[in-house]
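Everything below concerns the one structure shown next.
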Amino acid sequence: MEKSAVKLPKAVYRPLFAPGHPKYTTTIDDVPDFLRDTYIISGYRRLCYSYRACLHSMTYVHNESGNVLTHLVSLVLFLCLGFSANYNLLPASMSPGRASWGDYFVLYGYILSACICFALSTLFHTFSCHSHGHHVAWLKCDFVGILVLILGSFLPGLYYGYFESRMLMFLYMAMIFSLFAAGVFVSVSPHLQKPHLRWLRPVVFFSIALSGVFPVCHHIFAHGIAASARSIGLYYMLGMCGFYVAGTLLYAFNIPERWFPGLFDIVGNSHQLFHCLVFVAALTHYYGIVQAFKWHHSAQSVV
């Protein structure tokens, strides 16, 4: 994701880790506005106008290195989860039966959505120094990746929570897919990128995230907290939301670099912490899906 820049702070601290050679990196004064990040002073890559040069930037330290690595590692770990689920979870025979196509769809759909989000985020942070046009294009891909993860996060809860009420399941899914389509349109449409319409994207994103409250509350009112905890992994959902909120607050308020400008240019800044908490949130939700899967394939799955 992208932040708007602010004026250079008066007090600047030396980075915890030194950026790469001055041939490849520079300070905030020497990069265009679209590359500037709040309270990040040094370690900026120069505009390179080459994908090969962007890829080469992975061989030296700069202020996007942490952002690239956090979600690249997240991508690899979620791919490993997919292989693990294929061999250890889904094929297992559990009373009263084996995994259905729906189990495969929602579990692998979620893993795939997380992989898409992490992959597009990695690509954006890798290629953002190419040029302004490519920066904007990859930023849109990054936004779409976030929407895909939100969509993939909703499907398992709807499937397991409303397995016996197909009409409600499809109704809520239709709502989520409609909001997802609106979010993609708002993110990629050139007509909606004008400054006076910038408010529209966060409003749509917030609406999509908030829409998940309705089916969860509906399930709690219908079946109770204890049953929801078992059948849809409610506590894991709450944990996921907590990590997302914590990461978003750190990112939005530029914590901790706002207090020590320059100190966290390379490692430990809010964007990297946000990436880490997104991964932890996604992993927490995965374990909630696994719990829901095991509950629905146990002899006690009577909600």
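Brief remarks on what is shown
- Qualifying residue in the range 105-126 (condition: closer than 22 Å to Ser50 by Cα, at pLDDT 95 or above and not in a helix (DSSP H, G or I)): no
- Total residues in the range 28-59 satisfying the condition of being modelled with pLDDT of 95 or more, part of a loop (DSSP other than H, G, I, E, B) and aromatic (Phe, Trp, Tyr): the figure is 1.
- Hits in the range 244-281 (condition: among the small types (Gly, Ala, Ser), in a helix (DSSP H, G or I) and touching a residue at least 40 places away in the same chain (Cβ under 8 Å)): Ala281
- The set of residues in the range 271-303 being in contact with a Lys or Arg (Cβ under 8 Å, 6 or more places away or on another chain) and under 14 Å from Asp37 (Cβ atoms) consists of His271 alone.
- From Gly145, Gly109, residue being at negative phi, surrounded by fewer than 21 Cβ atoms within 10 Å (Cβ to Cβ) and either touching a residue at least 40 places away in the same chain (Cβ under 8 Å) or not hydrophobic (A, V, I, L, M, F, W, C) (or both): Gly109
- Any hit, the range 251-259, residues being buried (at least 22 other Cβ atoms within 10 Å of the Cβ) and out of contact with any Pro (no Cβ under 6 Å at 6 or more places or on another chain): yes
- Selection status of Leu273, more than 24 Å from the chain's Cα centre (by Cα), closer than 30 Å to Arg14 by Cα and either buried (at least 18 other Cβ atoms within 10 Å of the Cβ) or not hydroxyl-bearing (Ser, Thr, Tyr) (or both): no
- Taken together, the residues in the range 209-224 that are in contact with a Phe, Trp or Tyr (Cβ under 9 Å, 6 or more places away or on another chain) and either more than 20 Å from Ala181 (Cα to Cα) or at pLDDT below 85 (or both) amount to 3.
The values are calculated or read from the model by the stated rules, or taken from the named source; none is laboratory data. The model shown is predicted, which means the values in this text are computed figures rather than measured ones. In this analysis, Cβ positions are derived from the backbone assuming ideal geometry, glycine residues included, and neighbour counts consider all displayed protein chains.
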